[in-house]
Amino acid sequence: MAVIIENKTFDEERALYHLQNACLSNCRFAGPADGESALKESNDISLTDCSFSLRYPLWHTKNFYVTDTVMDENTRAPIWYAQYGQLTNCRIKGIKCLRECSDIRVENCRIQSPEFGWKCRKLSFLDSSVESEYFLLDSKDISVEKLELKGKYSFQYVEKLHIRNSHLDTKDAFWHSDHVTVENSLLRGEYLGWFSRNLTLVHCHIIGTQPFCYCENLKLIGCTMEGTDLSFEYSDVHAEVNGSIDSVKNPKSGTISADSI
């Protein structure tokens, strides 16, 4: 039977270290003791209506569910080396959330976290917003649906990423990525997709200067482009564009079709 912990405040070092099979509700992790690693090495836990303002709370945690919870800007590096978790209806502001994690689902969350999601595996995002630099750096096996993203240098070195029905406002995105598909989405930013391999965009609207240079096996299917000058330089590309392309510069190989260039 699960341990029930309600309406408590914890601020000491490793306050609930190695907690097993527990449900926490309306608990606060903050206070003058300024302790770290409150729930480190915990397993089979759920947190509902909780708030965090201390560092490193959920390291090496497995089988966790976090709902309607706030992690403020003092919650530095809140979730590292964790597995099999879900974040639902959460607000996260702590820097470096999610590092070297696997099998994590993020749903209906609002995230402002520089360096979010580095070196992770098997992540999924649904109906969430993210503001971050280097979002998902060097991560793989990722599914994204209805994401609002604002940042810089997103999706660099990612592998096996699928994005649907999203709005991506980010410069230098998808650099050195491999096997990425983006469908029915808006991509706004400069220098999109440089040095990528096997990048496919389907029914997307692409905005910004000098996109898709030095790409290998780049595919655009039924896309539109706006303000995209000096496109496709030194790229192996097969593009079917509806409407106009501002300019094309030195493509390496392939075919490009558009109403006008």
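The values are calculated or read from the model by the stated rules, or taken from the named source; none is laboratory data. Keep in mind that this is a model prediction, so the values were computed, not measured. Using ideal geometry, Cβ is built from the backbone for each residue, glycine included, and neighbour counts are taken over all protein chains shown. To get the accessible areas, we keep the full protein, side chains included, count just its heavy atoms, and leave off ligands, DNA and RNA. Shrake-Rupley method; radii C 1.70, N 1.55, O 1.52, S 1.80 Å.
Computed values, structure above
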read-out	value
Given charges at beta-carbon only (K, R positive; D, E negative), |dipole| of the range 45-142 in Debye	280
Share of Cα-Cα pairs in the range 171-244 lying beyond 18 Å, as whole percent	23
Accessible area of the chain belonging to carbon and sulfur atoms, whole % at 1.4 Å probe	44
The range 126-261, dipole about Cα centre (Lys/Arg Cβ +1, Asp/Glu Cβ -1), debye to the nearest 20	140
Which of CYS23, CYS215 is most accessible, then next, and so on - probe 1.4 Å	CYS23, CYS215
Nearest-20 debye value, the chain charge dipole, Cβ charges on Lys, Arg, Asp, Glu	360
Cα gyration tensor category, rounded, prolate or oblate, for the range 33-157 with a/c compared to 1.5	rounded
Fully extended contour minus Cα-Cα distance, from HIS167 to ASP229, at 0.36 nm per residue	20.2 nm
Solvent-accessible heavy-atom area per residue, rounded to whole Å², over the chain at 1.4 Å	44
Modelled FRET efficiency - R0 25 Å, ASP138 with ASP44, Cβ distances, 0.05 increments	0.30
For the range 123-233: rounded, prolate or oblate by the Cα gyration tensor [a/c cutoff 1.5]	rounded
Rounded to the nearest 10 Å², the accessible area of ILE4 at probe 1.4 Å	110
Gained length - ASN217 relative to HIS179, 0.36 nm times residue gap less alpha-carbon distance	12.7 nm
Where the Cα pairs of the range 97-177 fall when distances are cut into 5 Å bins, in %	4, 17, 30, 34, 13, 1
Whole-Å distance, taken between Cα centres, linking the range 175-224 and the range 94-117	24
Selected from ASN198, THR224, CYS23, residue furthest toward positive end of dipole (the chain; charges at beta carbon)	CYS23
Cβ-derived FRET efficiency at R0 51 Å, HIS203 paired with HIS18, nearest 0.05	0.55
Contour minus Cα-Cα distance for THR255 and ARG110 (0.36 nm per residue)	48.2 nm
